[in-house]
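Please read the structure below before turning to the comments.
The values are calculated or read from the model by the stated rules, or taken from the named source; none is laboratory data. Owing to the predicted nature of the structure, the values given are computational and were not obtained by experimental measurement. Cβ sites come from the backbone with ideal geometry, for glycine too, and all protein chains shown count toward neighbours. Calculation scope for accessible area: heavy atoms of the full protein, side chains included, ligands and nucleic acids excluded. Shrake-Rupley method; radii C 1.70, N 1.55, O 1.52, S 1.80 Å.
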Amino acid sequence: VGHKMKKLKHLFTILLTIFCITNVSYAASLDYGLYNVKNDVYHEQEIGMNMARTYLDENMILEKTNGTYYYTVEFSGTEYMNKHRILVNGSQVSTTKKSNSSNGTIKLTFKVKSLSSKIKARIYVDAMGRDVEFQIIPDFSTAKCVQKYSKKETTKTDKTDKTNKSDKKENTKSESKK
């Protein structure tokens with residue numbers, strides 16, 4: 001039985017690698033802008049997978065600007081867990097945190113240097129009395145553009161460009177977002 005499990009794990013690793021390569025090539029073709037992207041989670045144990053999927057929103061936001069990428073992920077169930085941290089390629093990164101106590105959610109925005117960066121969430125779970133860590137895998141093939149940036153625009157604050165763009169986008173994207 002152990003031999004079969006090893007083969008299965010090896011096959012899973014190969015498939016995950018193929019997925020990551022095609023996934024990142026999708027991401028490279030994205031224009032500058034703001035995108036809604038679905039995510040997958042990975043934890044070695046099924047209970048960890050279920051917990052991760054329950055408390056991490058399957059939708060995340062990717063902001064792609066000139067050489068910089070920002071993700072925003074949302075967690076629920078903040079009454080059961082705290083100390084939400086993000087690790088990129090094994091190192092903890094600084095995050096911008098927005099809490100919403102009325103619905104028990106927390107949003108973390110963080111920067112990555114590359115879209116192939118490995119992202120993990122580390123959360124302290126009160127009932128377990130310890131940290132739980134799981135991988136967050138963006139699925140770039142699901143990316144839907146919310147707002148496009150022009151090449152010269154590098155932040156969300158360029159007012160003149162933004163108003164022209166949002167007028168055009170409103171008609172095409174508002175239906176699909178609902």
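So here's what we get for this one:
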{"quantity": "Which numbered condition Gly77 fails, given (1) under 19 Å from Asp139 (Cβ atoms); (2) in contact with a helix residue (DSSP H, G or I) (Cβ under 7 Å, 6 or more places away or on another chain); (3) not polar (S, T, N, Q)", "calculated": "(1)"}
{"quantity": "Contacts under 8 angstrom Cβ, first residue in region 93-118 being under 16 Å from Tyr80 (Cβ atoms), partner open to solvent by 100 Å² or more (accessible area, probe 1.4 Å), 6 or more apart", "calculated": "Gly104/Glu79; Ile106/Lys97; Ile106/Lys98"}
{"quantity": "Restricting region 109-126 to residues that are assigned to a strand (DSSP E or B) and more than 16 Å from Ile137 (Cβ to Cβ), the residue that is nearest to the chain's Cα centre (by Cα)", "calculated": "Thr109"}
{"quantity": "Of the criteria (1) part of a strand (DSSP E or B); (2) touching a helix residue (DSSP H, G or I) at 6+ places or on another chain (Cβ under 6 Å); (3) at pLDDT below 90, which one Phe134 fails", "calculated": "(3)"}
{"quantity": "Within region 84-93, tally of residues that are in contact with a Lys or Arg (Cβ under 8 Å, 6 or more places away or on another chain) and surrounded by fewer than 17 Cβ atoms within 10 Å (Cβ to Cβ)", "calculated": "4"}
{"quantity": "Residue list for region 48-83, restricted to those being surrounded by 15 or more Cβ atoms within 10 Å (Cβ to Cβ), without any contact (Cβ under 8 Å) to a residue 40 or more places away in the chain and over 25 Å from Lys144 (Cβ atoms)", "calculated": "Gly77, Thr78"}
{"quantity": "In region 33-47, residue surrounded by the most Cβ atoms within 10 Å (Cβ to Cβ) [restricted to those that are more than 26 Å from Lys148 (Cα to Cα) and of a type outside the set (A, V, I, L, M, F, W, C)]", "calculated": "His43"}
{"quantity": "Strands (runs of 3 or more DSSP E) enclosed by region 32-92 - at least 3 residues per element that are closer than 15 Å to Ile123 by Cα", "calculated": "68-75, 81-88"}
